[in-house]
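Working notes, beginning with the structure itself.
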Amino acid sequence: MTTATLTIDLTALQDNWRALDAQTDVETAAVVKADAYGLGLEPAACALAKAGARQFFVAVAEEGVRLRHILGEGPAISVFAGHMAGDTDKIRDAHLTPMLNSVEQITRHFETLPGHAFGLQLDTGMNRLGLEDAEWRAIRAIACAQGPALVMSHLACADDPGHEMNSRQLRNFISMTQDIEAPLSLSATGGVLMGADYHFDLTRPGIGLYGGLPYIDAHPVVTLDLPVIQIRDVEPGETVGYSGTWTAVRPSRIATVSGGYADGLIRYMGAKACMHAGDVAVPLAGRVSMDLIGVDVTDLDHAPESLQLIGRHQSVDTVAGFADTIGYEILTSLGARYTRVYR
């Protein structure tokens, strides 16, 4: 096999949802946007529903339509982007719950889909989506009279529990939702971990389900093994890869593995990254190219058939660190060429 194997542990995914659910006394939803963070919407959503999730969140209406086809009637599906122009038929036909972000969206929803379920998103300081305080005060009574299914906001700095922005947003959310009868939601994964003050009526874990930080106790969900296509001997002074950025300082053996930035393995990580042959770390040699990566296997006592990038020794966040990015970007970038194995 010449394509890398991406193994996705659905039992670990379910275990992570159950563990985060057990940390609160409120309902726990599941965020499955971006094709379940790149791991496959259908298998991930079905596994999470089997684990007990009854509310799901997606980014846009098109994702919600696909998820409704997968899950059927019953589970609630909320759309973070709200009710965009052109989405009315999708929202109605797929029974989606848009999280309305602006006066314009509220007007559109109430005029085109009167009586249809909706939620409201408030901006408590992130300045990304949601109603700001002044417009919320102006429209709050009208919007709440229609019976929102949920009123939510989103924390900007929940991956850093000590950041002062967290308590400020908490205070703002409490102030903006005082005396509201609708269910409330503030927390994704990071907020769950910060304790009951942030839980309200519903939490919305995302990255923690898939094994990423800030949930350090998450069960690993992803393993990525790259097959070795060729191993060659390289003499001292010879270079490897584009632009000759890696030069052999000793007689070396270089394995060329199948995978590259076309598969979501970010080019920038080359100089810092390593893979593993069993328990032995082996460094990358040269730049990550579109389809191929060189790896220095000189210190191995055997010729490996494959090398592991993500797995027992390196989490998705470790690999992200090689490229000075975050686990979210690595997960959601994993390409379509991988042979995907679900277990």
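Would you check if there is a residue in the range 74-94 being open to solvent by 20 Å² or more (accessible area, probe 1.4 Å) and of a type in the set (Val, Ile, Thr)? Yes, the range 74-94 contains a residue that is open to solvent by 20 Å² or more (accessible area, probe 1.4 Å) and of a type in the set (Val, Ile, Thr).
Rundown of residues vs (1) modelled with pLDDT of 95 or more; (2) among the aliphatic types (A, V, I, L, M); (3) within 25 Å of Tyr328 (Cα to Cα), yes/no style:
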| residue | (1), (2), (3) |
| --- | --- |
| Gln146 | yes, no, no |
| Val151 | yes, yes, no |
| Asp159 | no, no, yes |
| Asn166 | yes, no, yes |
| Leu170 | yes, yes, yes |
| Ile174 | yes, yes, no |
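Given (1) touching a Lys or Arg at 6+ places or on another chain (Cβ under 9 Å); (2) surrounded by fewer than 20 Cβ atoms within 10 Å (Cβ to Cβ); (3) within 24 Å of Leu334 (Cα to Cα), identify the lone condition not met by Ala30. The single condition Ala30 does not satisfy is (2).
For first residues located in the range 29-52 and touching a residue at least 60 places away in the same chain (Cβ under 8 Å), partners that are of a type in the set (Lys, Arg) and lie 6+ apart or on another chain with Cβ distances below 7 Å form the pairs Ala29/Arg204; Val31/Arg204; Gly40/Arg340. Just so you know, in the range 194-221 the residues that are of a type in the set (D, E, K, R) and open to solvent by 10 Å² or more (accessible area, probe 1.4 Å) include one that is farthest from His313 (Cα to Cα), and it is Asp201.
For the range 306-331, a residue qualifies if it is in contact with a strand residue (DSSP E or B) (Cβ under 9 Å, 6 or more places away or on another chain), outside any helix (DSSP H, G or I) and polar (S, T, N, Q), and the qualifying residues are Ser306, Gln308, Gln314, Ser315. Within the range 149-182, the set of residues being in contact (Cβ under 8 Å) with a residue 60 or more places away in the chain and either part of a helix (DSSP H, G or I) or within 25 Å of Asn16 (Cβ to Cβ) (or both) comprises Leu150 only. Total residues in the range 158-183 satisfying the condition of being open to solvent by 20 Å² or more (accessible area, probe 1.4 Å) and either touching a strand residue (DSSP E or B) at 6+ places or on another chain (Cβ under 7 Å) or more than 29 Å from Gln146 (Cα to Cα) (or both): the figure is 10. The C-beta contact set for the range 218-239 (first residue free of Cβ contacts under 8 Å to residues at least 24 places away in the same chain, second residue loosely packed, with under 15 Cβ neighbours inside 10 Å and part of a strand (DSSP E or B), distance under 9 angstrom, 6+ apart or interchain) comprises Pro236/Thr247; Gly237/Thr247; Glu238/Thr247.
Which one is surrounded by the most Cβ atoms within 10 Å (Cβ to Cβ), of the residues in the range 274-303 that are outside any strand (DSSP E or B) and β-branched (Val, Ile, Thr)?
At the first step, the residues of the range 274-303 found to be outside any strand (DSSP E or B) are 278-279, 285-291, 297-303.
Applying the additional criterion that residues be β-branched (Val, Ile, Thr) yields 288, 297-298.
Working: Val288: 26, Val297: 24, Thr298: 17.
Taking the candidates together, the pick is Val288.
Contact map, the range 278-294: residues that are touching a residue at least 40 places away in the same chain (Cβ under 8 Å) and within 18 Å of Gly335 (Cβ to Cβ) paired with residues that are among the aliphatic types (A, V, I, L, M) and open to solvent by 70 Å² or more (accessible area, probe 1.4 Å), Cβ distance under 8 Å, separation 6+ or inter-chain. Pairs shown: Leu292/Ile229.
Can you report the number of residues in the range 307-334 which are more than 16 Å from Val282 (Cα to Cα) and not small (Gly, Ala, Ser)? Working first, answer last.
Taking the range 307-334 as the starting set, the residues that turn out to be more than 16 Å from Val282 (Cα to Cα) are 316-317, 320-321, 323-334.
Going one step further and asking which of them are not small (Gly, Ala, Ser), we end up with 316-317, 324-326, 328-332, 334.
The qualifying residues number 11.
Pairs linking a residue in the range 78-100 that is free of Cβ contacts under 8 Å to residues at least 12 places away in the same chain to a residue that is crowded, with 22+ Cβ neighbours inside 10 Å, with Cβ atoms under 9 Å and 6 or more positions apart or on different chains, are Gly86/Ala61.
The values are calculated or read from the model by the stated rules, or taken from the named source; none is laboratory data. Just so we're clear, the structure is a prediction, and the values are computed from it rather than from any experiment. As a convention, Cβ positions derive from the backbone with ideal geometry for all residues, glycine included, and neighbour counts pool all protein chains shown. Accessible surface areas use protein heavy atoms only, side chains included; no ligands, DNA or RNA. Shrake-Rupley method; radii C 1.70, N 1.55, O 1.52, S 1.80 Å.
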